[in-house]
Amino acid sequence: MRKGLLDRRLALTAEQCAQLSSRVCAHLRDGFPHLSALAVGFCWPMKNEADLRPLIEEWASAGRRGFSALLPVVIDEQQALAFRAWSADSVMFADRYGIPTPAGGDFLIPEALLLPVNGFDLAGYRLGYGGGYFDRTLALLSPRPLVVGVGFELGRLDTIVPQPHDQPLDAVVTEAGIFRPLR
């Protein structure tokens, strides 16, 4: 299932991905305006994931008190993720997966997380890449941040067949709009 979903997303052209990402950002901006004043964790886009950087930079430029953009940092494969502040001029390095990561700075706790989804279902569960990083992280974060899955409609499924360790999302945003889980 994971491979098929990833193959569908990788088949998008750069132009299609940019258009879909722009619509996702518009729904996030309109549906979650309070995020512009929170510590927001997001992921560097890879493999045609929704690119949230334009929205994150817009929020940063607005200069609202309390806003910070955070990127995840892999400390160890079996540990929860840590988060460091990011800005357009941050010094970055490629982590063990080749994903750009802030090179330094304090570890911060996100108040909201915008998580990429390869797949998602109506119950609010996401299918990622299978490493379990975000499930481990969400299980340990206290207080739990607002968790919004971000992706494209091509990843919508009836069910991902969630496992006991899977952590639910509070909402999912795609190019089609904002969806709250049916639980």
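Listed values, structure above:
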read-out	value
Highest-fluctuation residue, Val150, Val74, Val117 considered, GNM on the chain with Cα pairs under 10 Å	Val74
Proximal charge balance of Gly155 [Cβ under 14 Å; K/R count +1, D/E count -1]	+1
Exposure ranking of Leu28, Leu140, Leu38 by accessible area [1.4 Å probe, largest first]	Leu140, Leu38, Leu28
Phe67 accessible area, assembled protein chains, probe 1.4 Å, Å²	40 Å²
Gain upon complete extension [Arg29, Ala123; 0.36 nm per residue less C-alpha separation]	31.5 nm
Label-point separation, Ala14 to Lys47 (7 Å along Cα→Cβ), nm	2.1 nm
Note, ³J(HN,Hα) from phi for segment 113-125, Karplus 6.51, -1.76, 1.60, rounded to Hz, x at Gly and Pro	10, 10, 9, x, 10, 7, x, 8, 10, 5, 7, x, 9
Neighbour-limited loop hits for trypsin sites (Lys or Arg not before Pro), segment 64-117 (at most 10 other Cβ within 10 Å; DSSP other than H, G, I, E, B)	Arg65, Arg96
Most positive-pole-ward Cα, Phe42, Gln19, Ala62, against dipole of segment 1-128 from beta carbon charges	Gln19
Cα Rg, Dmax, the chain, angstrom units	15.3, 42
Loop GluC sites (Glu not before Pro), segment 1-100 (other Cβ atoms within 10 Å of the site Cβ: 16 or fewer; DSSP)	Glu77
Square roots of five times the Cα gyration tensor eigenvalues for segment 92-183, Å	24, 15, 13
Accessible area of the chain belonging to carbon and sulfur atoms, whole % at 1.4 Å probe	55 percent
Fluctuation leader among Pro33, Pro116, Pro100 - the chain, Gaussian network, Cα springs under 10 angstrom	Pro33
Size of electric dipole in the chain: Cβ of Lys, Arg +1 and of Asp, Glu -1, about Cα centre, debye, nearest 20	200 debye
From phi via Karplus (6.51, -1.76, 1.60), per-residue ³J(HN,Hα) for segment 69-78 in Hz, x at Gly/Pro	9, 10, 10, x, 10, 7, 8, 7, 4, 9
Largest-first ordering by accessible area, 1.4 Å probe, given options Asp89, Asp76, Asp95	Asp89, Asp76, Asp95
Computed [θ] at 222 nm, deg cm²/dmol, the chain (DSSP H ≥ 4; -39,500 (n - 2.57); rounded to nearest 500)	-7500 deg cm²/dmol
Solvent exposure of segment 1-69 as accessible area per residue, Å², 1.4 Å probe	52 Å²
The chain: DSSP helices with Cα axial extent of at least 20 Å and average Kyte-Doolittle hydropathy no lower than -0.5	14-31
Selection from Ala139, Gly119, Leu154, by position along the positive dipole direction of segment 104-177 (Cβ)	Ala139
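The values are calculated or read from the model by the stated rules, or taken from the named source; none is laboratory data. Keep in mind it's a predicted model, so treat the numbers as computed, not measured. A quick note on method: Cβ atoms are made from the backbone with ideal geometry, for glycine too, and the neighbour counts reach across all protein chains shown. Please note that ligands, DNA and RNA were not included when accessible areas were found on the heavy atoms of the full protein model with its side chains. Shrake-Rupley method; radii C 1.70, N 1.55, O 1.52, S 1.80 Å.
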